[in-house]
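**Q** Take this structure first; my questions come after.
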Amino acid sequence: MKKFAFAVLSAFWFAASQQAAACTISEDLTESVPLNYQGIPNSYRLKMVDLVSNARRWPDVEIQAQIVTNAYVGEKNAEELAKSRGQQLKEFLIQIGVKSQYIYVDTHLEGAPYPQDNSGFNGYLQLSVGLMPLCKGGCERLCDDPRITPTSKAIE
């Protein structure tokens, strides 16, 4: 029993010590488009260029992208619309230099608009792109890099 308690305590200590050095690094963009809108607005594309430009400042990493596109049940051909939005965003990210093998697309059908959250977002929010660093051996070194501003940092 003592060995088990020691193992649990050791695992907890290890996890806590790892958490103390953790941070989150990302570039994120979420927006709504008019219902049934089939394209990606140029204003959103320009913001994506800025997003990728900021991510390129991360030293010695690959950029990975998580795309989430939504369509609402009331939109025409909602499932196809969500897939099309995701594919268009992926193609644009490839055009501006993100490697296709590091781009992940997730599509959803939604029944109602999102209520306002604590960051002020609400509405349909059909387009979302998040960029994160992909590091060999882990990204912990980026947490203390003076060239990078983490999105969040663990309380030490």
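None of the figures in this text is laboratory data; all of them are computed from the coordinates on show. All of these numbers come straight from a predicted model, not from anything done at the bench. All Cβ positions, glycine included, derive from the backbone under ideal geometry; neighbour counts span all protein chains shown.
**Q** Having 3 or more residues that are buried (at least 19 other Cβ atoms within 10 Å of the Cβ) is the bar; report the strands (runs of 3 or more DSSP E) wholly within segment 51-146 that clear it. Step through it out loud before you land on a result.
**A** Numbers: elements: 62-72, 103-110, 127-134.
Result: 62-72, 127-134.
**Q** Still on this structure, I have one more. Please enumerate the residues belonging to segment 147-156 that are outside any loop (DSSP other than H, G, I, E, B) and touching a helix residue (DSSP H, G or I) at 6+ places or on another chain (Cβ under 8 Å). Talk me through it step by step, then tell me what you get.
**A** Pass one, segment 147-156, residues outside any loop (DSSP other than H, G, I, E, B): 152-153.
Within segment 147-156, LYS153 is the sole residue that qualifies.
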